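Working notes, beginning with the structure itself.
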Amino acid sequence: MDFVDGYLAGLEAAIHKLSRQDVSAVVEALLVAWRADRQIFIIGNGGSAATASHMMNDINKLTISPGKRRFRGIALTDNMPLITAWGNDAAFADVFAEPLRNLMRKGDVLVVISASGNSPNLVEAVRVARTEFGAQIIGFTGDPGGKLAQQADLVVRVPSPELGHQEDGHLIINHVVCNALAERMRSE
């Protein structure tokens, strides 16, 4: 089998084993947040930062339902001047935690996208969101999911040891979640 076939077969297997129950729980949690007019914050590093930006786009635009309140999603990954200021003037571990202190309110939601689940800046953001704001934490991780999987309220793990499969899976989860939200919002 060549690389292309092997990669796609591995991705297909991982998606086949993806917990539909866990993905559905994320949809339900985000619907609850939407009904309560909560802010959704989304973070990640590297490729996961790109997925966070993509999810912010989808949750804000794809879910629009005429006559209904819109989602309020922010990808903290999209403000490079603020990220680099906190990274330079304080520590890289603070690049998401500090903006949360400016923007987050009690009961908001933090979506954290991380293959390893162990990035210090993401773990610190989870700590701040939970302890200072009582936020609900949703994690999209690889398997086993690291500290994030242990600390999040809801976790969707992409069951593959391959980083590429995990990142591909996170984007697929985003599309499933946002399209399911759009469908559910239209029917309410």
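Here are some notes:
- Test: Glu162 is without any contact (Cβ under 8 Å) to a residue 60 or more places away in the chain and farther than 15 Å from Thr51 by Cα: no
- For the residues Gly67, Gly47, the requirement of being over 27 Å from Pro144 (Cα atoms), surrounded by fewer than 21 Cβ atoms within 10 Å (Cβ to Cβ) and not aliphatic (A, V, I, L, M) singles out Gly67.
- Hey, Lys68 touching a residue at least 60 places away in the same chain (Cβ under 8 Å) and either charged (D, E, K, R) or under 20 Å from Arg130 (Cβ atoms) (or both) or not: yes
- Tally, over the range 1-39, of residues that are of a type in the set (D, E, K, R), touching a residue at least 12 places away in the same chain (Cβ under 8 Å) and either touching a Lys or Arg at 6+ places or on another chain (Cβ under 6 Å) or part of a helix (DSSP H, G or I) (or both): 2
- For the range 151-163, the condition holds for at least one residue, the condition being that it is in contact with a helix residue (DSSP H, G or I) (Cβ under 8 Å, 6 or more places away or on another chain), crowded, with 21+ Cβ neighbours inside 10 Å, part of a loop (DSSP other than H, G, I, E, B) and of a type in the set (Ser, Thr, Tyr).
- Filtered residue count, the range 96-123, keeping only those that are free of Cβ contacts under 8 Å to residues at least 60 places away in the same chain, buried (at least 21 other Cβ atoms within 10 Å of the Cβ) and in a loop (DSSP other than H, G, I, E, B): 2
- Residue in the range 82-91 that is touching a strand residue (DSSP E or B) at 6+ places or on another chain (Cβ under 9 Å), modelled with pLDDT of 95 or more and surrounded by fewer than 16 Cβ atoms within 10 Å (Cβ to Cβ) present: no
- The residue pairs whose first member lies in the range 47-65 and is modelled with pLDDT under 95, whose second member is buried (at least 17 other Cβ atoms within 10 Å of the Cβ) and assigned to a helix (DSSP H, G or I), and whose beta carbons are closer than 6 Å, counting only pairs six or more residues apart or on different chains, are Ser65/Met185.
- When each of Glu28, Glu98, Glu12 is tested for being modelled with pLDDT of 95 or more, in contact with a Phe, Trp or Tyr (Cβ under 6 Å, 6 or more places away or on another chain) and among the charged types (D, E, K, R), the lone residue that passes is Glu98.
The values are calculated or read from the model by the stated rules, or taken from the named source; none is laboratory data. Source: prediction; values computed, not measured. Virtual Cβ from ideal backbone geometry, glycine too; neighbours counted across all protein chains shown.
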